[in-house]
Amino acid sequence: IPVERMKLLLYTASGLSASVVAVLYVSRRNTAKADMGDGLELEAITAVVLGGTSIYGGKGGLVGTLLGVLILHELREFLGWQWNRNELIGVVTGALLIALVLANRLVALRKGKQTSQA
């Protein structure tokens with residue numbers, strides 16, 4: 001595999017994707033500000049971990065990630081509809097991410113103990 005060529009292709013695809021999403025995002029909001037994407041990285045990481053991808057790497061899939069995005073979207077819609085507080089959405093998303101990482105770690109530790117005892 002030509003590594004340098006692959007890196008160039010991936011960075012180009014990433015930049016093109018980011019530019020298309022930026023144009024769509026700004027057109028939906030009808031405004032462009034420097035801080036419009038604050039907090040979106042927390043949601044992206046939470047959706048991926050919620051979909052079953054390990055935060056430590058090594059396993060995960062696209063279908064699980066899409067399910068995580070859908071679940072997180074519905075959670076945001078419910079919280080926004082029920083209480084209409086953006087701060088609450090951030091707190092719940094952060095708490096969910098912490099709980100998921102802890103659960104992932106506990107499952108990994110439990111599997112490690114089971115294989116060492118057998």
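The values are calculated or read from the model by the stated rules, or taken from the named source; none is laboratory data. Since we're looking at a predicted model, the values are computed, not measured. Positions of Cβ are generated from backbone atoms using ideal geometry, with glycine treated the same way; all protein chains shown enter the neighbour counts.
Residues of region 49-87 that are at pLDDT 85 or above and of a type in the set (S, T, N, Q): Thr53, Thr65. Of all residues in region 28-42, those satisfying the criterion of being surrounded by 10 or more Cβ atoms within 10 Å (Cβ to Cβ) and either in contact with a Lys or Arg (Cβ under 8 Å, 6 or more places away or on another chain) or farther than 30 Å from Leu100 by Cα (or both) are Arg29, Ala32, Met36.
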